[in-house]
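Reviewing the structure listed below.
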Amino acid sequence: MKGVHSMSCRKWSLAQAACGWLLAAVILLLSRQVHAQQRPWTLDRYQHVAWTGKNGAPTGVAALAQTSDGYLWIGTDHGLYRFDGARFERIEGLPGESTSGRPVFGLHASTDGGLWISYEFGDVGFLKDGHITEYGAKAGLPGHGQIEGFAEDQHGAIWLYGSGGLYTIVGGHWKKIGSDAGLKGNYATFLFIARDGSFWVGTPEELFYRAANARQFVPLEHEGSVSDIVQAPDGSIWVAHLRGAIERWKAGMTAPIRDTGSILTTSVGRIQFDHQGGLWINGLGDGVRHIASIAIDQHTDLSALNSMTELFNSSNGLSGDYAWPLLVDREGNIWVGTGAGVDRFSRSNFAPAPFPSGTHDFALAAGADGAIWTGSSSKPVMELKDSRVKTFEVPPYTLAAYADRDGVVYIGGRGDIWKMSETGAKHLASRPGPNMVGLVLAITKDLHGTLWVSIGGPSASGLYTWASGEWKKSSISGTPRVDFTDDSGRVWLGYRDNRIVVVDGGNVTTLGPDQGVTIGDAKAFQQDGRRLWIGGSNGLGYMDGRRLQVVGLADGGSLKNVTGIVFSAQGDLWVHSLDGVFQLPAKDVRQAEKNPSYPMHFRKFDTLDGLPGSPALQFPLPSVVKSTDGRLWFATSNGVVWLDPAQLISNPLPPPVVIDSIEADGKTYVPRDGLTLPAHTENLRITFSVLGLTRPERVDARIRMHGLSDGWRDVGQQREASYSHLGPGHYRFDVIGANEDGVWNNVGASVGIRIRPAFYQTVWFMALCACLAALALWQAFAFRMRQVNRRLRARLEAQHAERERIARDLHDTLLQSFPGLLMKMQAGVDRLPEDAAERQFLDQVLDQARGIMVESRDRVSRLRSEEYGNLAEALSGLAHEHAGRPGMTLNISVDGREQNLKKGVFEEASFILKEAVSNANEHSGGTLLSVQLDYRPDALVLEVHDNGNGIDQAILDAGEKPGHWGLMGMRERAKQMSAKLSIESQPGNGTRVTLCIPGRIAYATPLKTGRFFRSRRHATDA
């Protein structure tokens, strides 16, 4: 029996387990179905913006159109305007326009980029590339008749309708389509050309139809006053009557068939389907209506839609209740024109929760079946489920809300705890002490069913546990700001000042800065199945073992003042902070969990996305929860909003970029490539537009001007560029733009600009100036050379005069007295015996003295001579004198054609030559002495080189040897000739003395710099 009982128990356990798994699978399937179902785009999910006359918007709006360049065009009672998302610009002074500010009744943007305009009481115009062409009675239009609007067929032909009926343009002339085509009446209130090419025409009395391949119109019904005809995404045709109903027509066997029922309104101006399939209806006096696409798809009888119509009028913020034109732009925005301005409806990622106004400090918890519970400081506890709010008898100041793993919701108030359910609120626990004053700030429940409760207040604040109907004060010090239980059953407590406490059964661990806790005040916990993430006032991070790893963002920053974190069903991490809501993609989260330094990419949402306010920084916490249907709910200072991660909106369309105008020195030009501006143009102002109409506040732009800089410059919201002090030349201005989601139009727009040069800025003028400057420099150089030559000549003449004076003095003194002295000495020598040694010695001395006399007479003669000197001949004499000196070989070479030197140059060069040779003979100790003379056309170069011991470097640095003046004298003489003297010497490698005298200074007759023969003569003597 025991075995049977055991087997039965085992079977029963297996059956229970199987049922549990089956139930879990059913719940998972239902959850997936809930997530897979797309939520309808109801009117509360649209963000509305209104522009009125106070914002610079035009009033009395009659028509709207968007051209292919992205501009929104507005026809009004006061004329034509265009809008780029930020600026309303009135169009005036167009070329060809006969009048300014004419009332505009209809607009149509054609596929060729142009704009068709119908004026009130007749005439139409076609605007393209800044020029307008007008058509009137001469072009076949009815005189003074009202043109209601335009249409364009599949072949690009333009049709218009209004007074006179239907017209199409053929070769610049308007052709009427009338009774011969089966179209009765003399007025068409509307024309619509369907996607299949069929024509639908409304008249005051009837509705006509013409099939795509037919030539005749046939009447469909005898009910007129058609105000609009549109085609739904499913291909059906919807017809609106000005004072009647909205009907739906579908294709039949031979002709369209009208569906049963109709949408009844007091009046209809225009109707339009948006990109999601929703229907928008403009009323003439009662605002705008909207029907969601899901309602249209679910009902075949249009009468059922009357109860599903949403109304939006001036009480909701519409600029005016009289709404006529309606437009869906390229980005999916809905534009409404009213008598008081212009309105835009854009899909928003955030939708407001319908909690009553006046509710503050939302404490959120996600219950079962998609329900959201909230406590507050001003209202009783409420439950939001299926768009309906239910109130419970729990008094205000309930700032803690918590949902356990089973979806059971607990609410904490002034020390009390309530357990919430659909049937009501159950008071679970009173405050821990009868005299205790405080508020419940945070609640969590561990796996054993114990509630961990943080209570703050002036008395008995701290951490408490509630279990088995009893309160117990925890021994853990302080009052946590937020409590959390992880998947392992551990309780996490977040405190101020970088303190986190972990309770794991009986073990209590405190984490601080030593464990990486540097996020300031901990305010939010969340787990993704792999890691526990923690957000605080100074950052966001995840637990890696017992250490907190703080993460950073791709822009180099970090998340501050985090008040809530949650993971979506897609695995993305959503962070609510004071700066807005951040979406961190799942792949970045996984990368960061592997590498904490990984820069996490993000998408940021703020007030422009529909976020109504900022979260509370102190309490209630956390500020974001996820409901069981996958939506994320954010508590802000101005209400609660929800977001569906499965239906995130992003704009994939790059914005059109247009260069609007070019202004040069106060004159405006039409932008065109190859624009040529006059000479002397210095200041340039270029205006441009980046046409993103959904979030123009976030549209970005970059510009560059080739010719000035090749780099891009980010200008943000700026829409003009100014350049000054431009010179002549070729420039190219480029501009690119990005929409609100960072999608760039990298093609952008560009314009080439050429500024003509003035005559003095041309290349030939600059070349002429360069030639004149070169000529002037040459003249200045020549003048300077003449000055130098004159000074040199004057100096040489002064030297020559001084030599003549010296020659006279020598002749009158020394040369006159010295011969007599020699004669007396010779007489004394003659008295000595012939064979006396003294006589032989004195004879030798007298011979030398007579030689000195001869040389002195020669020198005096040269001092007074006007003849030129020949240095080559002086070298020959030098070789003769050197022949009697043993021990050193002399090599002499002469290059070039020999030239006579100027007298002064010859004397100075001869001295330098003799001094250099003498120094080599007496001091070098070498065995070879080389002298080279080179007659170059531009210079005379004399070089003396020996292979001796060289000159001490200290002597070269000093310029002379103490007590010797030879080197100094050589330099002084070279300087007097404006020549260059270099002395190079290395120990053991001899000395090289080089004298270089410019040819214009050295030569008596200048050498020609052209072709000449060079002679070379060598003299070698030992």
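Where strands (runs of 3 or more DSSP E) fall wholly inside the range 138-250, the ranges with 2 or more residues that are under 49 Å from the mean Cα position of the chain (by Cα) are 147-152, 158-162, 165-170, 190-193, 226-231, 237-241. Taking each residue of the range 530-543 that is closer than 19 Å to Thr485 by Cβ and looking for partners that are of a type in the set (Asp, Glu) with beta-carbon atoms closer than 7 Å, six or more apart or interchain, yields Arg530/Glu593; Arg531/Glu593; Leu532/Asp486; Gly536/Asp521; Tyr542/Glu593.
Okay, residues lined up against (1) crowded, with 20+ Cβ neighbours inside 10 Å; (2) within 30 Å of Gly53 (Cα to Cα); (3) in contact with a His (Cβ under 7 Å, 6 or more places away or on another chain):
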| position | (1), (2), (3) |
| --- | --- |
| Ser227 | yes, yes, yes |
| Thr254 | no, no, no |
| Gly278 | yes, yes, yes |
| Ser314 | no, yes, no |
| Ser319 | yes, yes, no |
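Selection of the range 749-782 for residues being of a type in the set (A, V, I, L, M, F, W, C), surrounded by 13 or more Cβ atoms within 10 Å (Cβ to Cβ) and in a helix (DSSP H, G or I) yields only Phe765.
Cβ separations smaller than 8 Å between residues 6+ apart or across chains give the following pairs from the range 360-380 residues that are free of Cβ contacts under 8 Å to residues at least 40 places away in the same chain to residues that are part of a strand (DSSP E or B): Ser376/Ala363; Ser376/Met382; Lys379/Thr391; Pro380/Thr391. In the range 321-363, of all residues being on the phi > 0 side of the Ramachandran plot and surrounded by fewer than 21 Cβ atoms within 10 Å (Cβ to Cβ), the one that is modelled with the lowest pLDDT corresponds to Gly358.
The residue list Leu608, Leu691, Leu617, Leu643 contains one member that is assigned by TED's automatic domain parsing to the domain that holds Asn538 and under 29 Å from the mean Cα position of the chain (by Cα), which is Leu608. The numbered conditions (1) part of a strand (DSSP E or B); (2) out of contact with any Gly (no Cβ under 8 Å at 6 or more places or on another chain); (3) of a type outside the set (Ser, Thr, Tyr) are all true for Leu940 except (2). Filtering the range 526-551 to residues that are assigned to a strand (DSSP E or B) and surrounded by fewer than 24 Cβ atoms within 10 Å (Cβ to Cβ) leaves Gln526, Gln527, Leu532, Gly539, Tyr542, Met543, Asp544, Arg547, Gln549, Val550.
Of all residues in the range 723-752, those that are farther than 17 Å from Arg685 by Cβ have Cβ atoms under 6 Å from Cβ atoms of residues that are assigned to a strand (DSSP E or B) and among the small types (Gly, Ala, Ser), 6 or more apart or on another chain, in Ile736/Gly748; Gly737/Ala701; Trp744/Ala738; Asn745/Gly737.
Looking at Ala872, Ala836, Ala883 in this structure, which one is among the hydrophobic types (A, V, I, L, M, F, W, C), modelled with pLDDT of 70 or more and closer than 30 Å to Tyr1003 by Cβ? Give the steps one after another, and end with the answer.
Values: Ala836 fails: closer than 30 Å to Tyr1003 by Cβ; Ala883 fails: modelled with pLDDT of 70 or more.
Step by step, each of Ala872, Ala836, Ala883 is checked, and only Ala872 is among the hydrophobic types (A, V, I, L, M, F, W, C), modelled with pLDDT of 70 or more and closer than 30 Å to Tyr1003 by Cβ.
Scanning the range 889-918 for residues that are small (Gly, Ala, Ser) and not in a helix (DSSP H, G or I) turns up Ser893, Gly896. Once the range 480-517 is narrowed to residues that are over 15 Å from Arg546 (Cβ atoms) and surrounded by fewer than 18 Cβ atoms within 10 Å (Cβ to Cβ), the residue that is farthest from the chain's Cα centre (by Cα) is Gly506. In the range 449-463, of all residues being surrounded by fewer than 21 Cβ atoms within 10 Å (Cβ to Cβ) and of a type in the set (Ser, Thr, Tyr), the one that is nearest to Asp483 (Cα to Cα) corresponds to Thr450. Applying the condition of being touching a strand residue (DSSP E or B) at 6+ places or on another chain (Cβ under 8 Å) and not in a strand (DSSP E or B) to the range 513-525 and asking which residue is nearest to Asp572 (Cα to Cα) yields Ile519.
Going by what's in this entry, would Ile703 be described as without any contact (Cβ under 8 Å) to a residue 40 or more places away in the chain, crowded, with 18+ Cβ neighbours inside 10 Å and either closer than 30 Å to Asp528 by Cα or not assigned by TED's automatic domain parsing to the domain that holds Asp129 (or both)?
Details: without any contact (Cβ under 8 Å) to a residue 40 or more places away in the chain: yes; crowded, with 18+ Cβ neighbours inside 10 Å: yes; either closer than 30 Å to Asp528 by Cα or not assigned by TED's automatic domain parsing to the domain that holds Asp129 (or both): yes.
Taking the combined requirement at face value, the residue satisfies it.
Annotation for the range 783-795: at least one member residue is under 60 Å from the mean Cα position of the chain (by Cα), modelled with pLDDT of 85 or more, assigned to a helix (DSSP H, G or I) and surrounded by 10 or more Cβ atoms within 10 Å (Cβ to Cβ). When Lys961 is tested against (1) of a type in the set (Lys, Arg); (2) outside any helix (DSSP H, G or I); (3) surrounded by fewer than 15 Cβ atoms within 10 Å (Cβ to Cβ), only condition (3) is not met. Residue by residue through the range 512-570, note down the ones that are of a type in the set (A, V, I, L, M) and out of contact with any His (no Cβ under 9 Å at 6 or more places or on another chain). Within the range 512-570, Val517, Ile519, Ala522, Leu532, Ile534, Leu540, Met543, Leu548, Val550, Val551, Leu559 qualify. On the stretch given as the range 671-695, residues that are under 30 Å from Leu64 (Cα atoms), in contact with a Pro (Cβ under 9 Å, 6 or more places away or on another chain) and not in a strand (DSSP E or B) total 3.
Residue-wise test of (1) of a type in the set (Gly, Ala, Ser); (2) in contact (Cβ under 8 Å) with a residue 24 or more places away in the chain; (3) farther than 25 Å from Thr59 by Cβ; (4) assigned by TED's automatic domain parsing to the domain that holds Ser227.
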| site | (1), (2), (3), (4) |
| --- | --- |
| Ala109 | yes, yes, no, yes |
| Asp112 | no, yes, yes, yes |
| Tyr119 | no, yes, no, yes |
| Leu127 | no, yes, no, yes |
| Gly130 | yes, yes, yes, yes |
| Lys138 | no, no, yes, yes |
| His144 | no, no, yes, yes |
| Gly149 | yes, yes, no, yes |
| Glu152 | no, yes, yes, yes |
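Scanning the range 606-626 for residues being crowded, with 21+ Cβ neighbours inside 10 Å and of a type in the set (Ser, Thr, Tyr) gives a total of 1.
For the range 475-504, what are the residues that are in contact with a Lys or Arg (Cβ under 8 Å, 6 or more places away or on another chain), assigned to a strand (DSSP E or B) and either farther than 14 Å from Gly456 by Cα or not aliphatic (A, V, I, L, M) (or both)?
First, pick out the residues of the range 475-504 that are in contact with a Lys or Arg (Cβ under 8 Å, 6 or more places away or on another chain): 478, 481-482, 485, 494-496, 502-504.
From what is left, the residues that are assigned to a strand (DSSP E or B) are 482, 485, 494, 502-504.
Of everything in the range 475-504, those that are in contact with a Lys or Arg (Cβ under 8 Å, 6 or more places away or on another chain), assigned to a strand (DSSP E or B) and either farther than 14 Å from Gly456 by Cα or not aliphatic (A, V, I, L, M) (or both) turn out to be Thr485, Gly494, Val502, Val503, Asp504.
The values are calculated or read from the model by the stated rules, or taken from the named source; none is laboratory data. What you are looking at is a predicted structure, and each value in this text was computed from that prediction instead of being measured. Here Cβ is always computed from backbone atoms with ideal geometry, including for glycine, and neighbour counts include all displayed protein chains.
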